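Asks: Let me begin by handing over the structure; questions about it come next.
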Amino acid sequence: MYDVIIIGAGPAGLSTAFWCDELGLDTLVLEQADEIGGQLPRVYNPIGNYLGLKTRNGKELLDLFASEVDDAEFDLWTQTSITSVDLKAKRVSLASGEVLQSIAIVIATGVRPRELGVPGEKEFAGKGMIESAARDRQLFAGKDVCVVGGGDAAVENALLLAEVCPTVTLVHRGKKLRARHEFKEKLQAVHCITVFTESVLTRIIGEGDVVAVEIQRKQGLKPFQMAVRGVLIRIGVEPFTELFRDQLETDEKGFLVVNGRQETNVPMVFGAGDVSSPVAATISGATGAGATAAKVIASRLNERG
Ligand SMILES: Cc1cc2nc3c(=O)[nH]c(=O)nc-3n(C[C@H](O)[C@H](O)[C@H](O)COP(=O)(O)OP(=O)(O)OC[C@H]3O[C@@H](n4cnc5c(N)ncnc54)[C@H](O)[C@@H]3O)c2cc1C
């Protein structure tokens, strides 16, 4: 029996655990991955927007977070697969057969990149599919590449690839790019980037590695093939909420709906971090939400006496 079970060991889950520990709550963190940190190990760009700390990448920030995990007293189980959660009863069932009980549950399960769902996307993972321009661009130097998406992440990655690739084709479904003004201005000044709006990538073609993509420009027009050696997809994220969706309120995209105290509509069930932040997903937002959830839980338990 724990006071608090936290699901997910990214910045939000870890921050919640630190605060719960500090407030004297018996706390368990359950993480499905081998390692803690959530998205942080996949952040290859420098992090300069977490107040008071500047790191070369997410891994460096994670190392700073992790150095504190050893000193803390909460329990942390990685490689833990949850089969079901009864949010009302605060019961968590694991694939191992164990059933855990707590007074409060914090859902800090974050998000994963959305997939395009086209043929070739999975098949060519690691064979021309680019995970991150910040990490991989030298591998694609001198090669033509294609980027799918129209938001900040897609345009930022296209700009990075354009530093080393002869051509970058940016394929975006909408009429206008959604990226911030600063990125769009930079885009206009880079002549090797071609933007196809109102267009969709329909297939990734390869012979061992990626050799081409099939693109459909405007509805009704015939798709055409274009030779590229790399494809990077950045079409947003989706929350990890499948386990809970039928038990609490979510928005139309599956993000948890929480109030200013990080409470969901189920008593003593909280959401923290990206899983409940459809608008602004940030490390500082995630750690702040974790702190709020922990403090609210502590005060609720205090009231109960
Ligand atoms: C390329 C990139 C660059 C970024 N750059 C910045 C930046 O410069 N500044 C910034 O502030 N933010 C940045 N971010 C965003 C930032 O990383 C996220 O906002 C932050 O990681 C959110 O933390 P979180 O704990 O809410 O979720 P996550 O980091 O997604 O962690 C959630 C954790 O929950 C686990 N989990 C999910 N489902 C289950 C389950 N059923 N059982 C157990 N565990 C589960 C996941 O495995 C994961 O470890 C960037 C993100 C990316 C991908």
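The values are calculated or read from the model by the stated rules, or taken from the named source; none is laboratory data. It should be emphasised that the depicted structure is a prediction, and the values quoted were computed from it without experimental measurement. All Cβ positions, glycine included, derive from the backbone under ideal geometry; neighbour counts span all protein chains shown. Side chains included, ligands, DNA and RNA excluded: accessible areas come from the protein's heavy atoms. Shrake-Rupley method; radii C 1.70, N 1.55, O 1.52, S 1.80 Å.
Asks: Return one whole number: the accessible area per residue of the stretch 230-305 in Å², for a 1.4 Å probe.
Replies: Values: 3540 Å² over 76 residues.
With the other protein chains kept in place, the stretch 230-305 gives 47 Å² per residue.
Asks: From the residues Ala125, Ile105, Val148, which one has its Cα farthest along the dipole of the stretch 57-148 in the positive direction, the dipole being from +1 and -1 charges on Cβ of Lys/Arg and Asp/Glu about the Cα centre?
Replies: It is Val148, whose Cα lies furthest towards the positive end.
Asks: Continuing with the same structure: Skipping prolines and chain starts, which residues have an amide H placed within reach, meaning under 5 Å, of the one on Val228, given they are 5 or more residues away or on another chain?
Replies: Distant-sequence amide H within range of Val228: Ala212, Val213.
Asks: Taking square-rooted eigenvalues a ≥ b ≥ c of the alpha carbon gyration tensor, is the stretch 174-223 rounded, prolate or oblate, where a/c under 1.5 means rounded and, failing that, a/b exceeding b/c means prolate? Mind showing how you got there, number by number?
Replies: On the way: a/c = 2.82, a/b = 1.52, b/c = 1.85.
Judged from the Cα gyration tensor, the stretch 174-223 comes out oblate (a/c at least 1.5, b/c at or above a/b).
Asks: Could you report the accessible area of Lys295 in Å², rounded to 10, computed with a 1.4 Å probe on the protein chains as they sit in the structure?
Replies: The accessible area of Lys295 comes to roughly 110 Å².
Asks: Let me ask something else. Let me have the relative contact order for the stretch 214-305, percent, based on Cα pairs under 8 Å that are six or more residues apart. Don't skip to the answer; put the middle values down first.
Replies: Numbers: 89 pairs, mean separation 15.1, N = 92.
RCO, the stretch 214-305: 16 percent.
Asks: Here's something else I'd like to know. For Cys20, Cys192, what's the largest-to-smallest order of accessible area, 1.4 Å probe?
Replies: Cys192, Cys20
Asks: Also: Roughly to the nearest percent, how much of the accessible area of the chain is carbon and sulfur, given a 1.4 Å probe?
Replies: On the way: 7490 of 15510 Å².
Summing carbon and sulfur atoms, their accessible area is 48 percent of the total for the chain.
Asks: Say we join alpha carbon atoms closer than 10 Å with springs in a Gaussian network model of the chain; which of Pro119, Pro239, Pro11 then has the biggest fluctuation?
Replies: Sorting by GNM fluctuation, first place goes to Pro119.
Asks: How much accessible area per residue does the stretch 1-102 have, in Å², with a 1.4 Å probe?
Replies: On the way: 5340 Å² over 102 residues.
Roughly 52 Å² per residue, with all protein chains present.
Asks: Report, for the chain, the % of DSSP beta bridges that are antiparallel, rounded to 5. Don't skip to the answer; put the middle values down first.
Replies: Values: 26 of 55 bridges.
If we restrict to bridges inside the chain, about 45 percent are antiparallel.
Asks: Which order do Phe255, Phe18, Phe224 take when ranked by solvent-accessible area (1.4 Å probe, heavy atoms of all protein chains), largest first? Working shown, then result.
Replies: Working: Phe255 10, Phe18 55, Phe224 75 Å².
Ranked list, largest accessible area first: Phe224, Phe18, Phe255.
Asks: Oh, and also: Please give the charge dipole size of the stretch 36-137, origin at the Cα centre, charges +1 on K and R Cβ atoms and -1 on D and E Cβ atoms. Round to the nearest 20 debye.
Replies: Working: 13 positive and 14 negative charges, 101 e Å.
Dipole of the stretch 36-137, to the nearest 20 debye: 480 debye.
Asks: Could you work out the relative contact order of the chain? I mean the mean sequence separation of Cα pairs under 8 Å and 6+ apart, divided by the number of residues, in percent. Let's see the in-between values first.
Replies: Details: 667 pairs, mean separation 63.8, N = 305.
After rounding, I find 21 percent.
Asks: Another question, if that's okay. Rolling a 1.4 angstrom probe over the protein chains, ignoring ligands and nucleic acids, what is the accessible area of Thr264 in square angstrom, nearest 10?
Replies: 20 Å²
Asks: Ignoring everything except DSSP H segments at least 4 long, calculate the 222 nm mean residue ellipticity for the chain; use -39,500 (n - 2.57) per segment, divide by total residues, nearest 500.
Replies: Values: 6 runs with 70 residues, N = 305.
-7000 deg cm²/dmol, from helical runs alone.
Asks: Counting only protein chains, not ligands or nucleic acids, how are Thr241, Thr292 ordered by accessible area (probe 1.4 Å), most first? Write down the numbers at each step before the final one.
Replies: On the way: Thr241 0, Thr292 50 Å².
Of Thr241, Thr292, the descending order of accessible area is Thr292, Thr241.
Asks: Pick out, from Asn57, Ile5, Cys20, the residue whose Cα sits farthest towards the positive end of the charge dipole of the chain, with +1 on the Cβ of Lys and Arg and -1 on the Cβ of Asp and Glu.
Replies: Asn57
Asks: Hey, how many Å between the Cα centroid of the stretch 34-100 and the Cα centroid of the stretch 104-171?
Replies: 24 Å
Asks: Can you pull the accessible area of Ser199 for me, 1.4 Å probe, Å² to the nearest 10?
Replies: 0 Å²
Asks: Here is a further query. Using the Cα centre as the reference, give the magnitude of the dipole from point charges on the C-beta atoms of the stretch 140-260 (Lys, Arg: +1; Asp, Glu: -1; all else neutral), rounded to the nearest 20 debye. Kindly include the intermediate steps, with their values, before the conclusion.
Replies: Numbers: 16 positive and 16 negative charges, 119 e Å.
Using only the charged Cβ atoms, the result is roughly 560 debye.
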